[in-house]
1. Of all residues in region 77-91, which are assigned to a loop (DSSP other than H, G, I, E, B) and among the β-branched types (Val, Ile, Thr)?
2. Being buried (at least 17 other Cβ atoms within 10 Å of the Cβ), among the polar types (S, T, N, Q) and farther than 14 Å from residue 14 by Cβ, is that true of even one residue in region 86-96?
3. Pairs only if they're at least six apart or on different chains, beta carbon under 6 angstrom, first in region 37-57 and modelled with pLDDT under 80, second in a loop (DSSP other than H, G, I, E, B); list them, first residue then second.
4. Pull up region 67-107, narrow it to residues that are among the charged types (D, E, K, R) and in contact with an Asp or Glu (Cβ under 9 Å, 6 or more places away or on another chain), then point me to the one that is farthest from residue 45 (Cα to Cα).
5. I need the full set of residues from region 56-113 which are acidic (Asp, Glu) and over 12 Å from the mean Cα position of the chain (by Cα), in order please.
Amino acid sequence: MSALIQLPEGSVCWPAAALPGAARDARHARTQMHCSRGDERRASGSTRWDRCYADACAWVEWDWVEMIEGTIVQADPLNVRSNVLLLDERGRPLLSSRRRAMLATLVYLLPWQGPVLDALRNTLHGRRAGSVEQRLAA
């Protein structure tokens, strides 16, 4: 029994063979962060990359965690959310397991750590500056 792939509204179909080329054209769309209260050095969040063309926009999104300062990794490499339905060479949808593996490979090809680290540094810098300002005001 195969697992059904549930895609968000506005999904796009894409040949699986074109995925490596899509990695070259994908752009960082956004990064969201969640810093734990007790430990400002540990952060987690999600990041989204997209590739828009014609009248459609394909996107991939995944969760990440900061292992140590300056080192981020995917929280779960096989849990990549996307609105892309990957098609095999005959135009049929890939099985869910193969789709997950291909999307994980796409994430591996993207230079995503740089933009996430930049966003993380900016957020933590703002938090620390705010903490200093709060201490000075007290």
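1. 80
2. There is no residue in region 86-96 that is buried (at least 17 other Cβ atoms within 10 Å of the Cβ), among the polar types (S, T, N, Q) and farther than 14 Å from residue 14 by Cβ.
3. Short answer, once both residue conditions are applied: 41/69; 42/36.
4. The qualifying residue farthest from residue 45 (Cα to Cα) is 98.
5. 66, 69, 88, 89
The values are calculated or read from the model by the stated rules, or taken from the named source; none is laboratory data. Treat the numbers as computed from the prediction; the structure is a model and nothing was measured. Glycine gets a Cβ as well: all are built from the backbone with ideal geometry, and neighbour counts include every protein chain shown.
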